[in-house]
Amino acid sequence: MVDYSVWDHIEVSDDEDDTHPNIDTASLFRWRHQARVERMEQFDKEKEDLEKGATECKKKLAECQKKLKELEVQDKAKSDAEKLKKEVEQLKKEEKNWYKKQDELKKKEKTMPWNVDTLSKEGFSKSVFNVKPETNEETEEQKEQKHKTFVEKNLKQLKHFGMLHRWDDSQKYLSDNPHLVCEETANYLVIWCIDLEVEEKHALMEQVAHQTIVMQFILELAKSLKVDPRACFRQFFTKIKTADQQYMDAFNDELEAFKGRVRERAKVRIEKALKEYEEEERKKRLGPGGLDPVEVYETLPPELQKCFDSKDIQMLQDTISKMDPNEARFYMKQCIDSGLWVPNAKGDAPDPESADTEPVYEEAKSESTEQSATS
């Protein structure tokens, strides 16, 4: 007689049951499948651990028996032999326990329900002709060029979709333009959101962010169902318009998180732009010696700063005449290299680095009124 009892409990499919309309069916089936896969993996791991433990125990038993035989042949100390005998007995008991656990696991395996992964095994392999070859993964340059071409071709339509408000309008527009249901659209909308936030167009950014999450949810749904996004975007709008609270909460949580990321990214971009601007302005200010006049000014003693603030040459000459010659020479060179102090056009101003000239503070006394100080 044939024993048909093995067919009493079979998990043929993870998606064979009807579900309530408000339940995220795709997620439920995915969770079922994941739970079954995890149970199978746990069972395989338990089986592997048992086999490994039994093998190690058998190996240790063989080594102990070998050592015991060597001691008996060599007529070594009886204490060592007794110790090994006890160890052999213990290992034999452990070996029996391992075999017992393996038998129990085999019985458990026979009572486990069959499912779509265990009902059949590959019997033989065969060659198939006219198989579509696997496409090579795109390089970053290829992806960038693909995105650029897509945006240039569909810019007007992308902007129109990004500013839609109602679910029905979005669904109808994607039905009329199914080529927009793709990764390139989602990527463009993300970049547009950051641009709008940088331009401080906050309300428009939030609207485009909403449409960005719409597209991202459609793409995620397509991944979970393993279908083309163009084939399931209507399913997304059907689900979202049923006002399932759990699904709507997930959508709104992701939307708020996305807007937060956009604000952070825009802040970083603004800070970077300010730093670049400040660096450009600093380079424009550099004097003939490559020093920044603003930085040099901040390092000057207060009495010298006062001279440049008032643009009083006589006050400058009087101030440096009272300073230590080396200190005066250092500060005057800093001022000339940064452009704070501009010698006269005739070139008769002293060179602060020249050893043959008088100290700068002395030369400054005889500077003509044609010399000027700039702030």
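Hey, could you check the stretch 261-316 for residues that are within 21 Å of Glu327 (Cα to Cα) and hydroxyl-bearing (Ser, Thr, Tyr) and say which is least open to solvent (accessible area, probe 1.4 Å)?
Tyr297
Among the residues of the stretch 195-225, count how many are among the hydrophobic types (A, V, I, L, M, F, W, C) and open to solvent by less than 10 Å² (accessible area, probe 1.4 Å).
Counting residues in the stretch 195-225 that are among the hydrophobic types (A, V, I, L, M, F, W, C) and open to solvent by less than 10 Å² (accessible area, probe 1.4 Å) gives 9.
Mind checking which pairs have a first residue in the stretch 228-256 that is closer than 15 Å to Gln216 by Cα and a second that is outside any helix (DSSP H, G or I) and modelled with pLDDT of 90 or more, Cβ under 6 Å, 6 or more apart or different chains?
From the stretch 228-256, the pairs are Pro229/Val181; Arg230/Val181; Phe233/Val181.
Looking for something surrounded by 13 or more Cβ atoms within 10 Å (Cβ to Cβ), of a type in the set (Lys, Arg), touching a Phe, Trp or Tyr at 6+ places or on another chain (Cβ under 9 Å) and more than 21 Å from Glu254 (Cα to Cα) - is there at least one such residue anywhere in the stretch 172-194?
Within the stretch 172-194, not a single residue is surrounded by 13 or more Cβ atoms within 10 Å (Cβ to Cβ), of a type in the set (Lys, Arg), touching a Phe, Trp or Tyr at 6+ places or on another chain (Cβ under 9 Å) and more than 21 Å from Glu254 (Cα to Cα).
So which residues in the stretch 226-252 are part of a helix (DSSP H, G or I) and open to solvent by 60 Å² or more (accessible area, probe 1.4 Å), if there are any at all?
Arg230, Ala231, Arg234, Gln235, Thr238, Lys241, Gln245, Gln246, Asp249, Asn252
Of these, Leu91, Leu68, which one is modelled with pLDDT of 80 or more and open to solvent by less than 90 Å² (accessible area, probe 1.4 Å)?
Going through Leu91, Leu68 in turn, the sole match is Leu91.
Might you let me know whether the stretch 314-333 holds any residue that is modelled with pLDDT under 80, of a type outside the set (Ser, Thr, Tyr) and within 52 Å of the chain's Cα centre (by Cα)?
No: zero hits.
Can you tell me which residues in the stretch 50-62 are among the charged types (D, E, K, R) and loosely packed, with under 12 Cβ neighbours inside 10 Å?
Selection gives Lys52, Lys59.
The values are calculated or read from the model by the stated rules, or taken from the named source; none is laboratory data. Remember, it's a predicted structure, so these values are computed and weren't measured experimentally. No Cβ is skipped: glycine too gets one built from the backbone with ideal geometry, and neighbour counts run over all protein chains shown. For accessibility, only protein heavy atoms count, side chains too; no ligands or nucleic acids. Shrake-Rupley method; radii C 1.70, N 1.55, O 1.52, S 1.80 Å.
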